[in-house]
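This report concerns only the one structure given below.
The values are calculated or read from the model by the stated rules, or taken from the named source; none is laboratory data. Fair warning: this is a prediction, and the values are worked out from it, not measured in the lab. In this analysis, Cβ positions are derived from the backbone assuming ideal geometry, glycine residues included, and neighbour counts consider all displayed protein chains. These accessible areas exclude ligands, DNA and RNA; they are computed on the full protein's heavy atoms, side chains included. Shrake-Rupley method; radii C 1.70, N 1.55, O 1.52, S 1.80 Å.
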Amino acid sequence: MIKVEGFLLALTERLSQRIKTQREKVDISVRGIGQAETKIKHKIQAVVRSRVSPFSQAMNFLVLPNVTVHLPTATMRTNGWSIPPGIKLADPAFFESSRVDLVLGIECFFDVFETGQRINLGNQLPTLNQSVFGWVVCGGSFNSHQDLHITCNASATE
């Protein structure tokens, strides 16, 4: 990702086509791990809305073929987790490995976690963090039956 008009944001070509918004041509090179380079040809503006709160904000996104690998990298076993009743999860299927179509950058990331409320799910389990999109499952969990996959998403701008 790269800083564009104040934000580090990216979405997939697939999502860009689904929302059918007007594109603006750009010529940007993005480098990732191992100096792998991707040429960015378009950016768009889209309104991001929450399905659980009144949050709505126009944001600019770079359009990439993919923004990261499927996350989680493998479907997680969540039996034994005790998510309190009445909690509206941002992603009710967070435990299923699936495509990621949109990435928010650090400059707006913390704005979506404005309350700072957290719920610890237990020893060696993630926490729930309240966001404008609903409660987000954050952190790792120990499951000796799963293969270890490590995914790191980071970016830097010059």
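Which one is most open to solvent (accessible area, probe 1.4 Å) among residues in the range 76-119 that are within 29 Å of Glu13 (Cα to Cα) and among the aromatic types (Phe, Trp, Tyr)? Only one residue fits best here, namely Phe110. Do you know which of the residues in the range 40-75 that are among the small types (Gly, Ala, Ser) and surrounded by fewer than 17 Cβ atoms within 10 Å (Cβ to Cβ) is farthest from Gly139 (Cα to Cα)? Checked the range 40-75; the qualifying residue farthest from Gly139 (Cα to Cα) is Ala58.
Taken over the range 22-39, the criterion of being under 13 Å from Leu64 (Cα atoms), free of Cβ contacts under 8 Å to residues at least 24 places away in the same chain and surrounded by 10 or more Cβ atoms within 10 Å (Cβ to Cβ) is satisfied by Arg31, Lys39.
Quick grid of which residues meet (1) at pLDDT 95 or above; (2) in contact with a strand residue (DSSP E or B) (Cβ under 7 Å, 6 or more places away or on another chain); (3) over 23 Å from Ala58 (Cα atoms):
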residue	(1), (2), (3)
Leu102	no, yes, no
Glu107	no, yes, no
Phe110	no, no, no
Thr115	no, yes, no
Gly122	no, no, yes
Gly140	no, no, yes
